[in-house]
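Q: This is the structure, below, for whatever I ask next.
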Amino acid sequence: MSAADSRPSRAPLKLLVVEDSELDFELLLATLARDGLAVSATRVETREQMTQAMADGEWDAVISDHHLPVFSSIEALQVVQASGRILPFIIVSGMIGEETAVAAMKSGADDYLVKGRLARLVPALLNALSAAQARRERQRAITALEESEQRLRRLLAHMETVVDEERAAIAREVHDDVGGMLTALRFDLSWIERNGDARSAERARHAMSTLAQVMQTAQRIQRNLRPPVLDAGLLPALDWQLEEFKRRTGIAASFSSNVETLELAADPAMTVYRTLQESLINVAKHAQAGSVRVDLIASAGQLSLEISDDGRGMVAGDLDKPTSFGLRGLAERAERIGGWLDVSPGERGTCVLLSIPIADAATAAGNTDTAAGDAGPAPGSSA
Ligand SMILES: Nc1ncnc2c1ncn2[C@@H]1O[C@H](COP(=O)(O)OP(=O)(O)O)[C@@H](O)[C@H]1O
Ligand SMILES: [Mg+2]
């Protein structure tokens, strides 16, 4: 059994041979035939012919002389690489120094043989073919993986949009329906308080105070669902979020901003808002912190938001947890609008830093340094 029989398919190999000597070309073909490899070969000897051949034909492998009058194996290799195809490339040459051979292999040639000692040609060719096959499969796998990651990114972005829209719709219903009915209920109770007998009036007052709490809860649900950033603007929304965080967790929190107003488009505003939201949830869930500080710095074209806590800090592997998507999602969000997210050990605890590009005219200067003071007017406070 000849070496060539081990090839899975025995259709003639399509060989592109870069060679200026017709005689050497014939010798090469004779060697291949003798060793039982069926080929159909085409000879080229200039860059133009080579480029044309690469553009016109399908090839299984390239065998190239090293030094031709107006062309060379290194240039031929470049033509193959520029075509984007992965093809076995074997140099067969009379005179090539060891250094040149090494350089050729480094730049992607598969093998190098000396003319007149071609016994190794067929095995070398078969080896190169299976190596190229492996490279092609690897390339396909990489491309498939990249495409799948792309799809995943788009899906994530889509999901976030869907979730945001869905929540906004529920928030609208809470405001319009529940809010409306609660308001009607308050009118009725206040009528009973004014017109009922003393005992009914007392009960109505009691019911009204319960109702006030229900209304507050409805407002809170509504604001949790529909980020107030969409109604009240970013800075009041961040303030409100910190207030809520303090109320819920009892962890001290301070907020400082170098600007008094900030006009951002919906996307960057939501990115900043969600970054603070997830970071605060993380502080509450993981950090065991006593306090957290939030610093917002907006300057020409650039906004940074830093959330640092004084908790236990992150440990190696935290960011790679297979089921944790919080910080990963934030990083994706930031990248989508041309920014980045950095998570690092702070002085103590953890520091999350978001940096995004913003429009130049987004800020009005001034320095507010509050301990997460009063939030803006509550959206839907008419409910
Ligand atoms: N502020 C923090 N302090 C300490 N550890 C943190 C902090 N934020 C995040 N981590 C760690 O990083 C991990 C990944 O966080 P995240 O991506 O938000 O996912 P999740 O909160 O769902 O676990 C957390 O599980 C936690 O171990
Ligand atoms: Mg989290």
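Only the coordinates and a few stated rules stand behind these numbers; no lab work does. Small disclaimer: the values here were computed from a predicted structure and weren't measured. FYI the Cβ positions are ideal-geometry reconstructions off the backbone, even for glycines, and counts take in every protein chain you see.
Q: Taking a virtual spin label 7 Å from the Cα of His67 along the C-beta vector, which residues in the range 83-102 bring their backbone nitrogen under 17 Å of it?
A: Backbone N within reach: 91-102.
Q: Please list, by residue number, everything in the range 179-201 whose backbone N is under 14 Å from a paramagnetic label point 7 Å out along Cα→Cβ of Val214.
A: Correct set: 179-190.
Q: Something else about it: Using θ = phi - 60° and the Karplus curve 6.51 cos²θ - 1.76 cosθ + 1.60, what whole-Hz ³J(HN,Hα) does each residue of the range 307-324 get, with Gly and Pro shown as x?
A: Result, ordered by residue: 10, 10, 10, 10, x, 6, x, 8, 10, 3, x, 4, 6, 9, 3, x, 9, 9 Hz.
Q: In addition: Work from the charge dipole of the chain (Cβ charges, +1 for Lys and Arg, -1 for Asp and Glu, about the Cα centre) and give the residue of Ala284, Ala131, Gly349 farthest towards its positive end.
A: Positive-end residue among those listed: Ala284.
Q: Follow-up question, since we're still on this one. Modelling each spin label as a point 7 Å along the Cα-to-Cβ direction, I'd like the Glu165/Gln49 distance in nm, to one decimal.
A: Each label point lies 7 Å from its Cα, and together they span 6.1 nm.
Q: Summarise the long-distance tail of P(r) for the range 43-102 by giving the % of C-alpha pairs beyond 19 Å.
A: Details: 421 of 1770 pairs.
Taking all Cα-Cα pairs of the range 43-102, the fraction more than 19 Å apart is 24 percent.
Q: Largest first, please: the extent of the C-alpha atoms of the chain along each principal axis, to the nearest Å.
A: The principal-axis extents, from largest down, are 120, 41, 39 Å.
Q: At a 10 angstrom cut-off on C-beta neighbours, averaged per residue, how do the peptides 274-283, 347-356 rank from highest to lowest?
A: So the order, starting with the most tightly packed, is 274-283, 347-356.
Q: Roughly how tilted is helix 47-56, in degrees to the nearest 10 and between 0 and 90, from the longest Cα axis of the chain?
A: 60
Q: For Lys14, which aspartates and glutamates qualify as cross-link partners when the Cα separation must be under 12 Å and same-chain residues fewer than eight apart are set aside?
A: Glu58, Asp60
Q: Any idea what angle helix 73-82 forms with the longest principal axis of the chain, computed on alpha-carbon atoms, 0 to 90 degrees, nearest 10?
A: With rounding to tens, the tilt is 30 degrees.
Q: Note the full-extension length gain between Ile297 and Asp231 as 0.36 nm times their separation in residues minus their Cα-Cα distance, in nm to one decimal.
A: 21.6 nm
Q: What do the square roots of 5 times the Cα gyration tensor eigenvalues come to for the range 53-174, in whole Å, largest first, as semi-axes of the equivalent ellipsoid? Provide the component values of the computation, followed by the final result.
A: On the way: eigenvalues 529, 38, 28 Å².
Whole-Å semi-axes of the equivalent ellipsoid: 51, 14, 12.
Q: Here's a follow-up. Evaluate the distance, in nm, between pseudo-label points positioned 7 Å from the Cα of Met105 and of Glu260 along their respective Cα→Cβ axes.
A: In this crude label model, Met105 to Glu260 measures out at 7.3 nm.
Q: Students often forget the sequence filter, so: which aspartates and glutamates lie under 20 Å Cα-Cα from Lys246 once same-chain residues fewer than 8 apart are removed?
A: Hits, sequence-local ones excluded: Glu278, Asp295, Glu306, Asp309, Asp310, Asp369, Asp374.
Q: Using a Förster distance of 51 angstrom, determine the FRET efficiency expected from the C-beta separation of Ser200 and Asp267, and round it to 0.05.
A: Values: r = 53 Å, r/R0 = 1.05.
In this case the efficiency is close to 0.45.
Q: Another question, if that's okay. Provide the packing ranking of 323-336, 82-95, i.e. peptides ordered by the mean count of other C-beta atoms within 10 Å per residue, highest first.
A: On the way: 323-336: 16.0, 82-95: 18.1.
Top to bottom by mean Cβ count within 10 Å: 82-95, 323-336.
Q: Using the beta-carbon distance between Ala134 and Leu155 and R0 = 22 Å, what value does 1/(1 + (r/R0)^6) give for FRET efficiency, to the nearest 0.05?
A: 0.10
Q: Can you check what the Kirkwood hydrodynamic radius comes to for the range 3-119, Cα pairs only, in Å to one decimal? Let's see the in-between values first.
A: On the way: mean 1/r = 0.0695 Å⁻¹.
For the range 3-119, the Kirkwood estimate is 14.4 Å.
Q: Here's another thing I want to ask about it. How far is it, in nm, from the label point at Ile221 to the one at Leu145 when both lie 7 Å from their Cα along the line to the Cβ?
A: 4.6
Q: Turning to a different aspect of this structure: Could you tell me what fraction of 2.2 N^0.38 Å the Cα radius of gyration of the range 225-331 comes to, as a two-decimal ratio?
A: Taking the Cα Rg and dividing by 2.2 N^0.38 Å, one obtains 1.08.
Q: If the elastic network links every pair of Cα atoms under 10 Å, which of Val70, Val294, Val163 fluctuates the most in the Gaussian network model of the chain?
A: Val70
Q: Using the Karplus curve 6.51 cos²θ - 1.76 cosθ + 1.60 with θ = phi - 60°, what ³J(HN,Hα) values do you get for each residue of the range 344-358, in whole Hz, with x for Gly and Pro?
A: 9, x, x, 3, 10, x, 10, 10, 10, 10, 10, 9, 9, x, 10
Q: If you don't mind, there's one more thing I want to ask. Quick one: the Cα spread of the range 298-362 along its three principal axes, in angstroms, biggest first?
A: 39, 26, 12
Q: Please give the per residue volume of the convex hull enclosing the alpha carbon atoms of the range 158-223, rounded to a whole number of Å³.
A: So the per-residue hull volume is 52 Å³.
Q: For Ala184 and Gln288, calculate 0.36 nm times their separation in residues minus their Cα-Cα distance, and state this gained length in nm to one decimal.
A: 33.0 nm
Q: Sticking with this one: Going by alpha carbons, how many degrees (0 to 90, nearest 10) lie between the helix axis of 266-282 and the longest principal axis of the chain?
A: With both axes taken from Cα atoms, the answer is about 80 degrees.
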